[in-house]
Structures are given as C-alpha cells and as structure tokens.
Amino acid sequence: MNKFKRRDFLKATVGVAAGTALGTGSVLLPTEAVAQQYTMVPEKGAKLRVLRWSRFVQGDIDAYMANVKKFTEKTGIEVRVDNEGWEDVRPKAAVAANIGSGPDVIISTFEDAHQYPDKLVDVSDVANYLGGKYGGWYDVCKDYCTEKGRWVAVPMGCAGNSVVHRIGAMKEAGFSEFPKDLAGFLKLAQAYKAKGLPPGFALGNATGDGNVWTHWLVWSHGGKMVDQKGNVVIASPETEAALNYGKQLYETFIPGTLSWLDPNNNKAFLDGQIGMTTNGISIYYAAKTSPDPKLKEMANDIGHANLPIGPVGKPTELNLFFPMMLFKYSKVPNAAKAYLAFMMEKEQYEPWQQAAIGYVSHPLKAYEQNPLWKSDPKNIPYRDSMRIMLPNGYSGPMGYASAACMADFIMVNMVAEAVSGAKTPKEAMERAKARAERYYKV
C-alpha cells in the first residue's frame, strides 16, 4: 500500500468485484475474495463525513487521524471526522437512519446495524475481501454485522474489557495470581475493600462498562435474556443466583457506582480511590504514558485479568463491539467503501492498534500476530477479546429486539436494582422480563 500511487488506488484497492462477483445477499468464499479485485472509482469530487465515538486513549485518535490523512493523500478524498461519546453516537445514528441524512459512515456500538439494516449499504464486497486477505473474521463479527446473508456493516473491532486491578494489594491479600472462579473473585473483592481500595463497577447507563460486567454476571451463572427461539427467559433461578452473588459483590463497592458512566471508573482508579474494576486498557495506557511519577509507578502495579468462569464452565464475556455502518443516503458510497477497506488494511490497522496499546481488539484473525501483543504481557488479556466474547442477545437471534434491549439498558438496570436493594431479585427480574417482552413481541 505504501508504494501505491493515487491512480493505482482508484483502480483497485478494496476487495472483490462488486455487482458481478457479488449479487445482492451473496457471499464469496475467502479464497475467491483474495483472487478477485474490486474495481472501484470513487465519485468525482467525493468528500466523506465520518462520525465515531470519542477517544479514551490519545494514541487511538492520533494514529486514526494519521491514517485518515494518509487516505486523503492517496485518494484526494477529503474526510471530516466528528467525535461523540458512546452514549451520544447511538441516538445520532438512529436519527440519521430515520431522517435519511447525516454522516456517510457512522462507527457505533453493539448491534446498531440490526436496528435499521434496510437503511445500510451492502458492504459484503469489502467484508469478504478483508476476511479473505486477513485470515477470516471471528464468528461474533457475523452475528453483529450480517443480516439475511449480507454484510450491513464492517467490523472495526471491540473495546476489549478485562479486570483492571492493583497487583500489590492482591498479593498482600494472599493471592499469588488473579482468581479464576467466582468464590475467589468475591474473596478478593472483599480483601480490596478491607485494604481501603474497594472495587468499583459501573451500574449507571454506561454503554461499555455497565453492559459488559452485568451481562457477564448473569451469563456466568447460566441466566440470559432470551433462549435460542427468542423467548424471554430472564426471570429464572440462574438469573436469581447471579443477582444474589451480585449483591455480595456490590457490598464491597465504593459508594456512587449506581450513577457511574463509562469515564467514572477510569478517574476513580487513577485517583487511587478503587483497586479493581472492569475496563478497557485505557486505564493502564493513561498511567503508563503519564508524565506524573505517581501514575507511572501505579502502571507497574496494574494487572489485567479475564473475568472469572462461573457455573456454566466457559467464558461468558461481553465486549463493546464497533460496527462501521455506511448509510444508503450517502452520495459517495464508493468513496466510503474505499475508506472502510483502507482503514482495516494491515498497513493502517496494526500501527493504529499499537499506538493505542490494544484499546481496540481486532476482528480479523491475522492480527493476532500483531507484535503489540508480545510487547507487554499485560496486553495479553485483551488480545483474545473478539475470539472469546458472546454477542449481545445471547442466546437468541440478533435483531431489532436484542438491539433495543441493549439500547434500553435492561440488563444493567435489572442488576443495579437488585444488587443495591432497590428491588428484590425477583422483582427486578420480573420488571426486566416485562420490558424485554415489549421488544421481543413486536
């Protein structure tokens, strides 16, 4: 890619032949995707507008914008990138889909592409090209980004989420390594509280941190919002067991977590108020790159670990997924497809990941070999985030209902009500069931 001139880029840059190799809804085999070229000429005078979530890691936005500049230099296509908080991108994307006007590309969260798939451009050509070239997509990518056999979004990756904790306090509590079971996890949380470094997990409507740990809590005990047929089954003995465990965990939390959004736990951890939370690698990044000697010292004491395995006996992690959606109202879809493919190519993607020390975990299997993962053992828990995560809506089908339940924070609210004592576990479950059924019965 570095040797390409502008005319070469415009001739053949992003994948398989659109319109001939791909009919509507068809999917190429990976080998076919590599063998064919996608001949594309961006619209004359094309300018792109992209909306994405705002940064938590400075290296992310710096490297991302450097790649945007590189794209413009190669193609002559001007790109405007706007940034919004996670909580703001989703409603803005919904408004854009509804009124038929807005950014050409929106990088949003979870399964937003399933809320308005008919408003999105079929990007199967780009997705099959990238998958064929870079070892294939993790299965969860298809859950989030395909609808009726076609790709309606290109996976960007996910904000991998792990337990972020203080190593020294853990060892002082008698743990030689981070516990892998629920009993040990609770015992460690209690020990952190006793040492004046209580845990703090978000229980407000936090798109990333709140959803991630509350879904893990319920799923780890065998509870789930719906079964494979889409029947709402959240009110169950397994969910009740999860909520009772959560009540014990909540007793160790720092006060105030019921109102926490995504930035709150980062600030509390870096301020030395808490000793354990769930988060992306952004806390470690901030401490590691800070000029403050105290934060640099803290970075040496920060550990990362995957969430414990519950009674179901397997990982039950949810991570904040990022779909890149191209809207049909765009007047420059060819230019937008070129942009999406360019940003996911190895020459751009791996340096971007490295600059953010893995804040976004990759969706393409080939990027497991990014030197980033071996450069610091503390990065490792984030490497496999896409491979081990379950999709939102587990274990039912992805679609309008699962997306709406996530957007309405039903799981987060149920856990918050039950663990805080605002409602009994049974009351919280029944309320969650009633709210979910409004969407699943549509």
Next on the checklist: Being part of a helix (DSSP H, G or I), within 21 Å of residue 145 (Cβ to Cβ) and either touching a helix residue (DSSP H, G or I) at 6+ places or on another chain (Cβ under 6 Å) or not polar (S, T, N, Q) (or both): is that true of residue 416 here?
Outcome noted: no
Next on the checklist: Show the residue pairs meeting these rules: Cβ distance below 7 Å; 6+ apart or different chains; first residue within segment 211-228 and closer than 12 Å to residue 246 by Cβ; second residue assigned to a helix (DSSP H, G or I) and of a type in the set (Asp, Glu).
Outcome noted: 221/238; 223/238
Checklist entry - Got at least one residue in segment 61-73 being at pLDDT below 95, among the basic types (Lys, Arg) and outside any strand (DSSP E or B)? => result no
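Condition check ((1) surrounded by fewer than 18 Cβ atoms within 10 Å (Cβ to Cβ); (2) modelled with pLDDT under 50) across all residues:
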| residue | (1), (2) |
| --- | --- |
| 10 | no, yes |
| 37 | yes, yes |
| 44 | yes, no |
| 51 | no, no |
| 75 | no, no |
| 88 | yes, no |
| 91 | yes, no |
Next on the checklist: Looking only at segment 315-350, count every residue that is part of a strand (DSSP E or B), in contact with a Cys (Cβ under 9 Å, 6 or more places away or on another chain) and not aliphatic (A, V, I, L, M) and tell me the total.
Outcome noted: 3
Next on the checklist: Can you tell me which residue is farthest from residue 207 (Cα to Cα) among those in segment 268-295 that are of a type in the set (Ser, Thr, Tyr) and part of a helix (DSSP H, G or I)?
Outcome noted: 289
Checklist outcome for this item: Checked against (1) surrounded by fewer than 14 Cβ atoms within 10 Å (Cβ to Cβ); (2) modelled with pLDDT of 95 or more; (3) assigned to a loop (DSSP other than H, G, I, E, B), residue 25 satisfies every condition except (2)
Item to check | Criterion (free of Cβ contacts under 8 Å to residues at least 24 places away in the same chain, over 24 Å from residue 396 (Cα atoms) and not in a loop (DSSP other than H, G, I, E, B)) met by exactly one of 187, 193 | outcome: 187
Checklist outcome for this item: Residues in segment 138-159 that are crowded, with 24+ Cβ neighbours inside 10 Å and assigned to a strand (DSSP E or B) total 6
Checklist entry - Which pairs have Cβ atoms under 8 Å, sit 6 or more apart or on different chains, and link a residue in segment 412-431 that is modelled with pLDDT of 95 or more and of a type outside the set (A, V, I, L, M, F, W, C) to one that is open to solvent by 10 Å² or more (accessible area, probe 1.4 Å) and not in a helix (DSSP H, G or I)? => result 413/205; 417/423; 426/235; 430/235; 431/423
Checklist entry - Quick check, is residue 328 within 30 Å of residue 64 (Cα to Cα), in contact (Cβ under 8 Å) with a residue 12 or more places away in the chain, surrounded by fewer than 21 Cβ atoms within 10 Å (Cβ to Cβ) and not acidic (Asp, Glu)? => result yes
Checklist entry - For segment 296-314, how many residues are under 23 Å from the mean Cα position of the chain (by Cα), outside any strand (DSSP E or B) and under 30 Å from residue 271 (Cβ atoms)? => result 3
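Taking the conditions exactly as written (among the hydrophobic types (A, V, I, L, M, F, W, C), at pLDDT below 95, open to solvent by less than 30 Å² (accessible area, probe 1.4 Å) and not in a loop (DSSP other than H, G, I, E, B)), does residue 404 satisfy them or not?
yes
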Checklist entry - What number of residues in segment 160-170 are open to solvent by 10 Å² or more (accessible area, probe 1.4 Å), among the small types (Gly, Ala, Ser) and touching a strand residue (DSSP E or B) at 6+ places or on another chain (Cβ under 9 Å)? => result 1
Item to check | Scope segment 98-112; condition among the hydrophobic types (A, V, I, L, M, F, W, C) and modelled with pLDDT of 95 or more; matching residues | outcome: 99, 105, 106, 107
Next on the checklist: What are the pairs with Cβ atoms under 9 angstrom where one residue, in segment 262-273, is under 18 Å from residue 160 (Cα atoms) and at pLDDT 95 or above and the other, located anywhere, is of a type in the set (Val, Ile, Thr) and in a helix (DSSP H, G or I)? Sequence gap at least six, or different chains.
Outcome noted: 264/257; 265/257; 265/283; 266/283; 269/283
Checklist entry - What are the pairs, 6+ residues apart or on separate chains, where a residue within segment 141-154 that is over 10 Å from residue 117 (Cα atoms) and in contact (Cβ under 8 Å) with a residue 12 or more places away in the chain has its Cβ under 9 Å from a residue that is assigned to a helix (DSSP H, G or I) and of a type in the set (Lys, Arg)? => result 154/337
Checklist entry - Taking the stated definitions as given, is residue 173 among the small types (Gly, Ala, Ser) and open to solvent by 10 Å² or more (accessible area, probe 1.4 Å)? => result yes
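The values are calculated or read from the model by the stated rules, or taken from the named source; none is laboratory data. This one's a predicted model, so the numbers in the text were calculated from it and none came from an experiment. Glycine also receives a Cβ, built like all others from the backbone with ideal geometry; neighbour counts cover every protein chain displayed. Quick note on the areas: whole protein, heavy atoms, side chains included, nothing else; ligands and nucleic acids left out. Shrake-Rupley method; radii C 1.70, N 1.55, O 1.52, S 1.80 Å.
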